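Student: Before I ask anything, let me first share the structure, which is written out below as structure tokens.
Bear in mind these aren't lab numbers, they're just calculated from the coordinates by the rules spelled out. Keep in mind that what you see is a predicted model, and the values were worked out from it rather than measured. Glycine gets a Cβ as well: all are built from the backbone with ideal geometry, and neighbour counts include every protein chain shown.
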């Protein structure tokens, strides 16, 4: 059972899952995914890598794929700042 205890910060976060892709590196794939998400989401706060995989073509690594969970803070109704 949840109880309300005085006035608290009340921060709430949402997570989404993305897959970043790069032909350069895992790091680049993660950076590309985060950069793309930052164009459409406000309040990005953290990320967690949940999977690394890639594509092999002709016996060589052709593509790096990184699955990420991104966390962002939900905006407060009565406050414009995050």
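Student: Residues of the range 60-77 with the amide nitrogen closer than 19 Å to a label point 7 Å from the Cα of residue 42, along Cα-to-Cβ, please.
Tutor: Hits in the range 60-77 for residue 42 at 19 Å: 71-77.
Student: Further, regarding this structure: Take the alpha carbon gyration tensor of the range 13-73, find the square roots of its eigenvalues, order them as a ≥ b ≥ c, and report rounded if a/c is under 1.5; if not, report prolate when a/b exceeds b/c, else oblate.
Tutor: prolate
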